[in-house]
Every structure is written in structure tokens, then in C-alpha cells.
Amino acid sequence: MKKFLAILHARNMEFIRDKSSLGWNILFPLLLVLGFAFVFSGEPKPLFKVGVAGDAAALTGTSREFFGTRYVQFIAVDDLAKAVDKVEHFQLDMLIDVRAGMRYWINENAPNGYLLERMLKGTGGPAFQRLTVRGREIRYVDWVVPGILAMNMMFSCLFGVGYVIVRYRKNGFLKRLKATPLTPFEFLFAQMVSRLLLIQAITIAVYAGCDYFIHFQMRGSYANLFLVSLLGAVCLISLGLLVSARLSSEELAGGILNLLTWPMMLLSGVWFSLEGTNPVVQKIARFLPLTHLVDGARAIMTEGAGLREIAPQLLILGVMSAVFLSIGSLIFKWE
């Protein structure tokens with residue numbers, strides 16, 4: 001029993017003396033709770049989403065009654081063609097153009113569109129021109145699968161690279177490599193390529209296996225999907241290399257990696273759309289690599305986007321990769 005207590009005491013003191021790890025264990029759950037409270041607090045979530053082209057506030061009398069309906073989220077749109085496409089793909093329940101012509105669009109296959117049309121007519125406002133679109137509803141599994149695959153890549157990239165290098169440094173493996181002609185950039189680049197090949201092989205195998213049973217919708221090019229997946233993986237691996245460039249504590253590395261992965265998992269549109277959420281949350285999401293990976297892959301699979309449409313995502317992922325890898329190489333230490 002004394003031997004057990006001695007080992008127990010030694011391990012506890014080792015953890016307590018590691019102030020960085022102890023601090024992260026206290027700080028991380030606090031930040032996570034505050035983040036959840038900020039993102040998901042506020043009024044009840046709207047039941048319907050209605051796109052509005054034009055200034056609805058300029059309407060008078062009964063024309064404005066519908067736009068004051070509770071639990072309906074009215075989203076201003078600038079590009080009418082894109083908004084009509086969103087109605088077709090069930091991303092908007094209704095689209096109303098209050099400018100000259102007074103017209104609205106609904107998807108004939110959408111139950112929410114039918115209900116909103118009845119509500120609009122029930123307000124007794126002016127007669128709108130009824131326009132309809134047809135489109136097959138995107139199943140939730142089709143919508144969410146790009147996010148799930150990207151999230152799996154994120155965990156494999158960050159923990160599979162960042163955590164391993166920290167362990168190498170802690171057990172002295174990197175110190176032995178310091179005596180060789182190997183440069184930090186060569187070492188980090190080799191780690192990146194190794195993890196990249198493994199991740200791409202696993203992701204392709206998982207996608208193909210799931211597609212065999214579920215039959216995902218794929219409206220775009222597999223080559224474009226592979227390209228955005230490749231750049232996304234490079235960006236996430238580079239971020240993992242940056243985190244591990246100087247750390248020697250596995251506990252601290254785990255805390256920082258968790259601090260990066262949880263916001264990306266919640267705010268990158270993996271499980272739910274951020275459209276209509278708090279503008280601050282949407283701005284934060286634009287700084288997360290996973291957001292651009294998910295957006296690019298989802299646009300290809302569900303909307304048939306080409307290289308021109310996903311060019312912004314590819315550019316951002318490429319720039320982030322270059323920045324992360326460059327900084328990681330500069331600040332890298334062997335010991």
C-alpha cells in the first residue's frame with residue numbers, strides 16, 4: 001500500500017508542479033462554458049427563414065404585418081438569383097421581393113413554404129405574385145457528411161501531428177535529431193507529408209464505404225472535392241505543427257489543441273448552419289480553417305460548385321497554411 005501511495009503522491013505532485021497544464025485544466029472548461037453561453041443564449045430560435053429583397057420597413061399598413069410575425073427570421077438578400085437557389089435547396093423557406101412587382105417564391109415540395117404562404121395570405125396585405133421552384137430536399141446526412149469528414153480530418157491532423165511532436169521533444173527524440181543535418185523545415189515538412197498521405201487515404205476510404213450504403217448526393221466534381229480536402233488537410237496539419245513548435249508538456253499541448261478543436265467543431269458549420277446567427281459568431285467562424293474546408297466541400301457536394309465558386313476557400317486555406325508553416329519553422333526548437 002505504501003508503494004501505491006508513493007506513486008500516487010509523485011504523480012499528483014508532478015501534475016501540480018506543471019503550472020501550465022494545471023492552468024489549462026482550470027481555464028479550458030471555463031472558456032468552454034462561457035463560449036456555449038454566448039453562442040446559444042438569447043431568444044428562442046426562429047422556426048422559419050424568409051429571405052427579403054428590398055426594404056420591408058418602407059411598406060405601410062397591412063403590407064408590413066407579415067414582417068412582424070414572431071418566430072420567423074427575415075434575412076436581407078442582395079443577390080436574387082442566389083436566394084432563389086437557396087429556396088430550391090431548402091436553405092430558405094420563402095423568398096419575398098418587396099420591390100417593384102411584389103412577388104414571392106416558395107418550394108412546392110417544402111412544408112414550411114406552404115405554411116408561410118398561408119400566413120402571408122392571412123395577413124390581408126396586398127396581393128403578391130406567386131412563383132414556385134422545384135427541388136429535391138437535401139437530406140441532413142447529405143448536408144452534414146462534409147462536416148463530419150472534415151471534423152475527423154481536423155482531429156487527426158491536430159492531434160496526430162501536434163501531440164506526437166510534443167512527445168518526441170519530451171522523450172528526447174528531437175534532441176538526437178538536432179545532431180543531424182536535418183533542418184526544422186525539412187523535419188516539419190516530412191511530418192506534414194506523412195500525415196497528409198495517411199489522412200487522405202483514410203478519408204477516401206471512409207467516404208467510399210459510407211457512400212456504398214447511404215448514397216450521398218454528389219453534384220460537383222470529385223477532383224474539386226479532393227483539391228479542397230487536400231488544402232484543408234495541409235492547413236490543419238500546419239496549425240498542429242505551429243502549436244507543437246515549442247511545447248514540451250503533453251498536458252499543455254492537449255489543452256491548447258482542445259481549445260482549438262472545440263470552437264471549430266461548434267462554429268464551423270459542421271452540425272448546423274450559422275446563417276442568421278449572431279454576426280459576431282459568424283465573424284469568428286471566418287477565422288477558423290475548418291469553416292472554409294466545410295464550406296468548400298459542402299458547396300461542391302450539395303450545390304455542384306466549381307473551382308470559381310470555391311476559389312475564396314482555396315485561397316484562404318492556402319494563405320493560412322503558408323502562415324502557419326512559416327511561423328512554425330521559425331519558432332521551432334529541438335529541445
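Sort out which residues of the stretch 70-85 are free of Cβ contacts under 8 Å to residues at least 40 places away in the same chain and under 17 Å from L47 (Cβ atoms), and write them in order of number.
R70, Y71, F74
Hey, does the stretch 219-233 have a residue that's assigned to a loop (DSSP other than H, G, I, E, B), in contact with a Gly (Cβ under 6 Å, 6 or more places away or on another chain) and open to solvent by 30 Å² or more (accessible area, probe 1.4 Å)? Let's see the steps before the verdict.
Step one: filter the stretch 219-233 for residues assigned to a loop (DSSP other than H, G, I, E, B), giving 219-221.
Of the ones still in play, those that are also in contact with a Gly (Cβ under 6 Å, 6 or more places away or on another chain) are 219-220.
Narrowing further to those that are open to solvent by 30 Å² or more (accessible area, probe 1.4 Å): 219.
Yes: the stretch 219-233 contains one or more residues that are assigned to a loop (DSSP other than H, G, I, E, B), in contact with a Gly (Cβ under 6 Å, 6 or more places away or on another chain) and open to solvent by 30 Å² or more (accessible area, probe 1.4 Å).
Tally the residues that are part of a helix (DSSP H, G or I) and over 24 Å from the mean Cα position of the chain (by Cα), restricting the search to the stretch 234-251.
Filtering the stretch 234-251 for residues part of a helix (DSSP H, G or I) gives 234-243, 250-251.
Pick out the ones that are also over 24 Å from the mean Cα position of the chain (by Cα) and you get 250-251.
Final tally of qualifying residues: 2.
Can you tell me how many residues in the stretch 101-122 are in contact with a Gly (Cβ under 8 Å, 6 or more places away or on another chain) and either assigned to a helix (DSSP H, G or I) or modelled with pLDDT of 85 or more (or both)? Spell out the reasoning first.
From the stretch 101-122, those in contact with a Gly (Cβ under 8 Å, 6 or more places away or on another chain) are 106-107, 109; that's our starting set.
If we keep only those that are either assigned to a helix (DSSP H, G or I) or modelled with pLDDT of 85 or more (or both) too, we end up with 106-107.
Summing the residues that are in contact with a Gly (Cβ under 8 Å, 6 or more places away or on another chain) and either assigned to a helix (DSSP H, G or I) or modelled with pLDDT of 85 or more (or both) in the stretch 101-122 gives 2.
Could we say that K283 is touching a residue at least 40 places away in the same chain (Cβ under 8 Å) and either in a helix (DSSP H, G or I) or open to solvent by 20 Å² or more (accessible area, probe 1.4 Å) (or both) here? Spell out how you get there, then give the answer.
Values: touching a residue at least 40 places away in the same chain (Cβ under 8 Å): no; either in a helix (DSSP H, G or I) or open to solvent by 20 Å² or more (accessible area, probe 1.4 Å) (or both): yes.
Considered against the rule, which asks whether it is touching a residue at least 40 places away in the same chain (Cβ under 8 Å) and either in a helix (DSSP H, G or I) or open to solvent by 20 Å² or more (accessible area, probe 1.4 Å) (or both), K283 comes out as no.
Give the stretch 46-92 a look and list any residue that's aliphatic (A, V, I, L, M) and touching a helix residue (DSSP H, G or I) at 6+ places or on another chain (Cβ under 6 Å), or say none.
The answer is A53, A56, V77, L92.
From (1) under 30 Å from V243 (Cβ atoms); (2) surrounded by fewer than 19 Cβ atoms within 10 Å (Cβ to Cβ), pick out the condition that doesn't hold for D79.
Condition (1) is where D79 drops out.
Determine, yes or no, whether I214 is among the β-branched types (V, I, T), open to solvent by 70 Å² or more (accessible area, probe 1.4 Å) and more than 17 Å from L317 (Cβ to Cβ).
no
Looking at L257, L266, L317, L293, which one is open to solvent by 20 Å² or more (accessible area, probe 1.4 Å), out of contact with any strand residue (DSSP E or B) (no Cβ under 7 Å at 6 or more places or on another chain) and in a helix (DSSP H, G or I)?
L266
Can you pull out every residue in the stretch 165-186 that is among the hydrophobic types (A, V, I, L, M, F, W, C) and in contact (Cβ under 8 Å) with a residue 12 or more places away in the chain?
Scanning the stretch 165-186 gives I165, V166, L174, L177, F185.
Can you confirm whether the stretch 298-305 contains a residue that is open to solvent by 50 Å² or more (accessible area, probe 1.4 Å) and farther than 28 Å from F185 by Cβ? Step through it out loud before you land on a result.
To start, the set of residues in the stretch 298-305 that are open to solvent by 50 Å² or more (accessible area, probe 1.4 Å) comprises 303.
Within this subset, residues satisfying the condition of being farther than 28 Å from F185 by Cβ are 303.
Yes, because at least one residue in the stretch 298-305 is open to solvent by 50 Å² or more (accessible area, probe 1.4 Å) and farther than 28 Å from F185 by Cβ.
Looking at F226, F272, can you tell me which residue is at pLDDT 80 or above, closer than 26 Å to Y140 by Cβ and not hydroxyl-bearing (S, T, Y)?
None of the other options fit; the residue is F226.
Residue by residue through the stretch 259-311, note down the ones that are within 10 Å of the chain's Cα centre (by Cα), over 27 Å from L325 (Cβ atoms) and not polar (S, T, N, Q).
Answer for the stretch 259-311, where residues must be within 10 Å of the chain's Cα centre (by Cα), over 27 Å from L325 (Cβ atoms) and not polar (S, T, N, Q): W271, F272, L274.
Any idea how many residues of the stretch 165-194 are open to solvent by less than 50 Å² (accessible area, probe 1.4 Å) and among the charged types (D, E, K, R)?
Total satisfying the criteria: 1.
Of everything in the stretch 139-155 that's part of a helix (DSSP H, G or I) and either aromatic (F, W, Y) or modelled with pLDDT under 85 (or both), which residue is surrounded by the most Cβ atoms within 10 Å (Cβ to Cβ)?
Only one residue tops the list, namely W143.
Here is a check on your reading of the model: is L174 in a helix (DSSP H, G or I), more than 21 Å from M153 (Cα to Cα), touching a helix residue (DSSP H, G or I) at 6+ places or on another chain (Cβ under 6 Å) and not aromatic (F, W, Y)?
yes
The values are calculated or read from the model by the stated rules, or taken from the named source; none is laboratory data. As the structure is a prediction and not an experimental result, all values here were calculated from the model. Every residue, glycine among them, receives a Cβ derived from its backbone with ideal geometry; neighbour counts consider all protein chains shown. Side chains are part of the model used for accessible areas, which takes the heavy atoms of the whole protein and leaves out ligands, DNA and RNA. Shrake-Rupley method; radii C 1.70, N 1.55, O 1.52, S 1.80 Å.
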